[in-house]
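Encoded as structure tokens, the structure appears first; notes follow it.
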Amino acid sequence: MKFKKNNALFISILFGAFILVAYGCGGKKINVQDLLNQPVKNAGNFNQSKKYIKAGITFVYLTGTPYDIGFAHGKLCKDEIINFNRYCWDAYDKLKNTPDGKWLPLSRSLEKYIPEEYIAEMKGIADGAGIEYDKILFLNTLVTISEHSKCFAFSFNQTESNIITVRQIDISNRIPLWKKMILYIIKPQNGYGFAALLNPGWVSGETGMNEKGITVSENNIHIQQTQWDVMPIDQLSRKLLQYSKSIDDVGMILRNQKTYPAKLIFVSSKKSASIFEFANKEIASINMKNGYLAMANHACMIPSKNIRSHSEKRLDFANQFLKENLEDMDIEKAIQLARTSRISCRWNPFSHNRQSIIFSPATLDFWIAIPAESNYIPASYGPYVGFNLLQELYGTGHDPNPKSIPSY
């Protein structure tokens, strides 16, 4: 068995090397200036909400009541919700016809732990897209019930009052959601406006930054879920993003929960960063020290921590890089780290970096990588295009600095 596993790993690495040689280290380069020169293209309107394409990124601006936000989401993104989540709908239909299946009853039982405003938003998505509500509920509880992925995040002090945070999203390129995320700009009735890079149809704060400069990213922890009286992780991360103006607010919201979905949350602000580890009845946090903080897919503090070799090596590699380069760390150095083989997982041709995002909480600038056409090239190899949250929320603010960062 060990021989077979090692042999399979060797074949995977060999195939990955072949792909990189065949396509070149970065694949066909995208001309970032061409993206910046493209006029903003309107792709749909509904009441005060809208959909548009800017610098190669699909934006959806949503505002109004929770139901209004959801309904506009469903209307403007109906095709994406249906097509990009096809594997989820196939699983739902299969489970619906399985008498002893537990996932659908579990999904429905989690609903009672979801805040009313997010239930209203999900019902709006269902009505707007013409999809039955139970399917949207299933979609928004799936990560808590079963889905696993690898992600990575790190922050560092660029200056004394300017934290830079990098978020890497990793997933198998066999899943249709590969590269199909949409940038949602949401101005809710209550709480703070925010930008979140999400899968269409999801009510989540998986990856985002709010107007107070709080960034949130949710990450796999590799600990089994045993307690099910929990708010699902996607709605929990959304609550953190929508209602936190400080890392202390994040900690307070989390510690008010009685039980937890088994996940990691990486949070940063203008001046610091923290990792929150939680699973079932356990919670712990790690604060930034010595000017940097990094997180991989394992807990370091809670008793039930499950540390895997690959995740530990990834974290050790990042910590060493950050320590050695701390005096001159900047966005370019951060991207250099994000593009290394250990962080981008470029050696794995089937599951590596799907998206890479850089946040500057102090300036509310953020940069999104434009993935190459080839599924075998990590997203972090592409150019990064910059945006400013206040511009997208209110039409105010400044241009991001820099406006873009070139391909690898």
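Computed from the coordinates by the stated procedures, all read-outs in this text should not be read as laboratory data. Just so we're clear, the structure is a prediction, and the values are computed from it rather than from any experiment. Backbone-built Cβ (ideal geometry, glycine too); neighbour counts: all protein chains shown.
With contacts taken as Cα pairs under 8 Å and at least 6 residues apart, the chain reaches a relative contact order of 17 percent. Mean separation of Cα pairs under 8 Å and 6 or more residues apart, divided by the residue count, gives the stretch 101-168 a relative contact order of 25 percent. Structure note, pairs Lys50/Lys150; Lys258/Lys305; Lys263/Lys333: Cα-Cα distances above 21 angstrom occur for Lys50/Lys150; Lys263/Lys333. Rounded, prolate or oblate, given the Cα gyration tensor of the stretch 276-364, with a/c below 1.5 counting as rounded? Because a/c hits 1.5 or more and a/b fails to exceed b/c, the stretch 276-364 counts as oblate.
Sequentially through the stretch 200-215, phi angles give Karplus couplings (6.51, -1.76, 1.60; θ = phi - 60°) of x, x, 9, 9, 8, x, 3, 8, x, 9, 9, 5, 8, x, 8, 9 Hz, Gly and Pro residues having no value and appearing as x.
Take every Cα pair under 8 Å whose residues are at least 6 apart in sequence, average their separation, divide by the length of the stretch 245-349, and the relative contact order is 16 percent. Over the chain, DSSP H runs of length four or greater, each weighted -39,500 (n - 2.57), average out per residue to a 222 nm ellipticity of -10500 deg cm²/dmol. The protection proxy used here, the mean number of other Cβ atoms lying within 10 Å of each residue, ranks peptides 291-299, 257-265 as follows, highest first: 291-299, 257-265. Of all lysines in the structure, those lying under 16 Å Cα to Cα from Lys271, and not within fewer than 8 positions of it along the same chain, are Lys212, Lys245, Lys289. Couplings 3J(HN,Hα) for the stretch 71-82, derived from phi with the Karplus relation 6.51 cos²θ - 1.76 cosθ + 1.60 (θ = phi - 60°), are 4, 5, 4, x, 5, 6, 10, 3, 4, 5, 4, 6 Hz, where x marks Gly and Pro. Cα centroids of the stretch 105-151 and the stretch 335-400: 27 Å apart. Under 5 Å from the amide H of His352 lie the amide H atoms of Ile171, Asn173, each residue being 5 or more positions distant or on a separate chain, with H modelled from the backbone and absent for Pro and chain starts. Dividing the Cα radius of gyration of the stretch 133-274 by 2.2 N^0.38 Å, with N the residue count, gives 1.02. Once Kirkwood radius over Cα pairs in Å is calculated for the structure shown, the corresponding label among (i) 23.1; (ii) 21.5; (iii) 22.4 turns out to be (ii).
Computed from backbone phi with θ = phi - 60° and the Karplus coefficients 6.51, -1.76 and 1.60, the 3J(HN,Hα) list for the stretch 103-111 is 5, 5, x, 5, 4, 5, 5, 6, 4 Hz; x is used for glycine and proline. Panel order for Met181, Met301, by other beta carbons found within 10 Å of each beta carbon, from fewest to most: Met301, Met181. For the peptides 371-382, 323-334, the ranking by packing is 371-382, 323-334, with the highest mean count of neighbouring Cβ atoms within 10 Å listed first. Residues Thr207, Thr144, Thr65, Thr396, arranged from fewest to most other Cβ atoms within 10 angstrom of their Cβ, appear as Thr396, Thr65, Thr144, Thr207.
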